[in-house]
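The values are calculated or read from the model by the stated rules, or taken from the named source; none is laboratory data. Just so it is clear, the structure is predicted and the values come from calculations on it, not from any experiment. Cβ sites come from the backbone with ideal geometry, for glycine too, and all protein chains shown count toward neighbours. Heads up: the accessible areas ignore ligands, DNA and RNA and are worked out on the full protein's heavy atoms, side chains in. Shrake-Rupley method; radii C 1.70, N 1.55, O 1.52, S 1.80 Å.
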Amino acid sequence: MVFSFDQVYAIPDPILITQSSGLHNVVFDGKWTHETEWKQSSHNLLSYDDDMVIHLRTAHQENFIYVFVDPIGDLTLDKNLDKATICFDAKNNKSQNPDSDDYCFSVSLNQEHGILTQGTSNGNYEMINGPEFIATSNISDENDRYTKILHPSFEFRIPIELLNRSDNYGFYLSVYDASSDKFYSWPENVTRESSQIPSPSEWGDIVSPDKSLPEMHLPFLIFTILIFAIILVQSKQKIRLFNSF
């Protein structure tokens with residue numbers, strides 16, 4: 001496959017996700033509940049030509065991925081209309097059409113429950129149930145880390161088992177500002193004046209640089225270490241037995 005110069009440099013740097021030890025304490029009220037609530041998470045500053053600024057925070061802990069979307073540049077509060085959507089390509093196969101490993105999570109301003117959709121064999125998305133999935137939105141208050149000016153904000157909790165554990169997913173973000181009727185996306189400019197989710201082939205990557213995602217639970221990790229230790233001891237015993245002849 002041949003890539004042009006423009007194609008190579010159009011690929012955005014990945015979102016780097018970090019492991020957290022405190023996000024299980026997040027209060028899912030759709031905003032910064034207190035100034036340190038999302039502190040233990042990776043931070044990406046997304047800025048756009050018309051002064052829109054979005055603070056994106058991501059982290060993983062045990063069975064969940066946590067995402068906070070904070071569009072501080074949206075100064076109009078359009079309840080039930082302003083909207084944030086995040087998508088994961090679980091296999092990161094960058095398919096042209098959505099398939100069963102592509103999931104999108106969305107919630108509108110002032111809503112307490114989000115919508116989960118999954119790619120289908122016919123290249124569309126259909127709504128599914130996600131018992132441990134959380135998406136909620138609210139109007140910010142004085143606890144927001146970046147500004148005291150009121151604006152929409154969005155919180156998500158994504159079950160990792162839904163995606164299957166990996167250190168590299170395809171990732172897409174869209175924020176809709178209803179008052180201006182504009183979509184702001186990451187990667188930038190892949191959403192073009194439409195609510196339609198772009199092809200997964202155009203999504204970027206979200207990566208765990210230290211391979212801490214996927215996390216291994218401590219009991220399983222201990223069990224794995226014990227199994228390897230037993231195998232090692234048995235191997236050494238067989239070698240000694242063989243050398244004794």
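So which trypsin sites (Lys or Arg not before Pro) in segment 93-155 pass both tests, a DSSP loop state and at most 15 other Cβ atoms within 10 Å of the Cβ?
Filter output for segment 93-155: LYS94, LYS148.
Compute the whole-percent fraction of alpha carbon pairs in segment 15-207 spaced more than 23 Å apart.
36 percent
On the accessible surface of segment 15-207, probed at 1.4 Å, how many percent belong to carbon and sulfur atoms?
43 percent
Counting other Cβ atoms within 10 Å, which GluC sites (Glu not before Pro) in segment 24-127 have at most 15 and lie in a DSSP loop? Provide the component values of the computation, followed by the final result.
Details: sites: GLU35, GLU37, GLU62, GLU112, GLU126; in loops: GLU35, GLU37, GLU62, GLU112.
The qualifying sites are GLU35, GLU62, GLU112.
Pull up the cross-link candidates among the aspartates and glutamates for LYS31, meaning alpha carbon to alpha carbon under 13 Å and not fewer than 8 places away within one chain.
Here the aspartates and glutamates satisfying the reach criterion relative to LYS31 are ASP70, GLU112, ASP141, GLU142, ASP144, GLU155.
Give me the orientation-averaged projected area of the Cα convex hull of segment 159-204, in nm², one decimal.
It is 3.9 nm².
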